[in-house]
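What follows is a short report on a single structure.
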Amino acid sequence: MTKAEQVAGALPNGIDAALVLSPQNRRYLTGFKSSEGAVLITRGQSYFLTDFRYIEAARRAVSGMECAVYENLRKTLRELADRHNLRSIAVEGGWVTCSRLDSLKSALGQVELDTKALDEILIGLRLVKTQKELDKIRAAQALTDYGFEYILPRIKQGRTEREIALELEFEIRKQGAEAAAFDFIVVSGENSALPHGAPSDRILSKGDFVTLDFGAVVDGWHSDMTRTVAVGCCSSRQREVYEIVLKAQRAALDLIKDGISCREGDAAARDVIAKAGYAGCFGHGTGHGVGVEVHEAPRLSPNAGDEKLKKGSVVTVEPGVYIPGRFGARIEDMVVITEEGCENLTKSAKELIIV
């Protein structure tokens, strides 16, 4: 069964079709990357709609749905709604803007637009990866592990954060990554206390912690990894904090499995950090899902509600401790949830490395 057929089969009674507009979900359903297009899924027929720039490539690459070219998407959607006698269409409420929604309502006339059902369907589908999808994520992580091995001997006093980030990205792309998974984080010294700090012209000095958060994209699927290393030497306080973060990560990795609540997974790491006296220094969630987006469901967070981990989901486990104005440390692995625990896709060493 194709993903489009799964979407069609999951549509609630009273909804005749689904309209997917977001680039990430279009690619998830078709395997085809484009800056423009739409996927219309009725209960009996699916369409990938795009403009002249992409139609020939789409016809070569997209299977399981009809590829059609448009000059005006609103007009084409109106024609298809009439052809299939559509009275209600589900759209991505979490993505479509108010302006776009108004435009669709104007184009589709009396067709009702539902903004709730489709997000839930797509999130549910994307939560559990197929074997083929896992293979692509593994390939992305293999490039990421390679990148860490490559950059380690190049992290030296006198180099800037920006130089290291650029060299790391270039090497990963050169080795075959489609793209960087996100804007790489390379932060040092006091900047390492910024969980999502941007690489700057700060020059690395002896005694700095350097945090590297980076990943690759392979055929649309992402990886995500963080390592913290020390330049030349480290203080006893830095080593203490690093070991606390590592202990917290291992506690979460030991606990998470199919059926465990996301809040429990988060608490396993958070409690270790709190008991060590650093409760106020860990302000983000312990992890997040990874797939066609680098941040997606599920979330290991104290705010995760009743959400539970599912076999086949891919999540990060990334506790950290950040001391403002001083330094920070984060360790992040990416794992596949299994019935008995998790399979760690990240192979890079986690013991404190001094370069």
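The values are calculated or read from the model by the stated rules, or taken from the named source; none is laboratory data. Every value quoted in this text rests on a predicted model; they were computed, and no experiment measured them. Cβ atoms come from the backbone with ideal geometry, glycine included; neighbour counts cover every protein chain shown. Side chains included, ligands, DNA and RNA excluded: accessible areas come from the protein's heavy atoms. Shrake-Rupley method; radii C 1.70, N 1.55, O 1.52, S 1.80 Å.
Summary of values
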item: Extreme residue, nearest to the chain's Cα centre (by Cα), among residues of the range 296-318 that are small (G, A, S) and not in a strand (DSSP E or B); result: S313
item: Among (1) under 21 Å from the mean Cα position of the chain (by Cα); (2) farther than 21 Å from G197 by Cα - the single one E293 does not satisfy; result: (2)
item: Strands (runs of 3 or more DSSP E) (entirely within the range 1-51) containing at least 3 residues that are touching an Asp or Glu at 6+ places or on another chain (Cβ under 8 Å) and either open to solvent by 20 Å² or more (accessible area, probe 1.4 Å) or among the hydroxyl-bearing types (S, T, Y) (or both); result: 46-50
item: Residue in the range 204-216 that is open to solvent by 30 Å² or more (accessible area, probe 1.4 Å), more than 22 Å from S235 (Cβ to Cβ) and in a loop (DSSP other than H, G, I, E, B) present; result: no
item: Residue within the range 341-351 that is among the charged types (D, E, K, R), under 26 Å from F148 (Cα atoms) and open to solvent by less than 10 Å² (accessible area, probe 1.4 Å) present; result: no
item: Qualifying residue in the range 291-312 (condition: closer than 18 Å to F214 by Cβ, touching a Pro at 6+ places or on another chain (Cβ under 9 Å) and open to solvent by less than 20 Å² (accessible area, probe 1.4 Å)); result: no
item: Candidate set: the range 132-164, residues that are within 13 Å of V187 (Cα to Cα) and without any contact (Cβ under 8 Å) to a residue 40 or more places away in the chain; chosen: the one least open to solvent (accessible area, probe 1.4 Å); result: E163
item: In the range 15-50, the residues that are free of Cβ contacts under 8 Å to residues at least 40 places away in the same chain and in contact with a Gly (Cβ under 7 Å, 6 or more places away or on another chain); result: R26, F48, L49, T50
item: Every residue from the range 273-290 that is open to solvent by 20 Å² or more (accessible area, probe 1.4 Å) and over 20 Å from S192 (Cβ atoms); result: A274, K275
item: Residues within the range 229-277 that are within 30 Å of R159 (Cα to Cα) and basic (K, R), tallied; result: 2
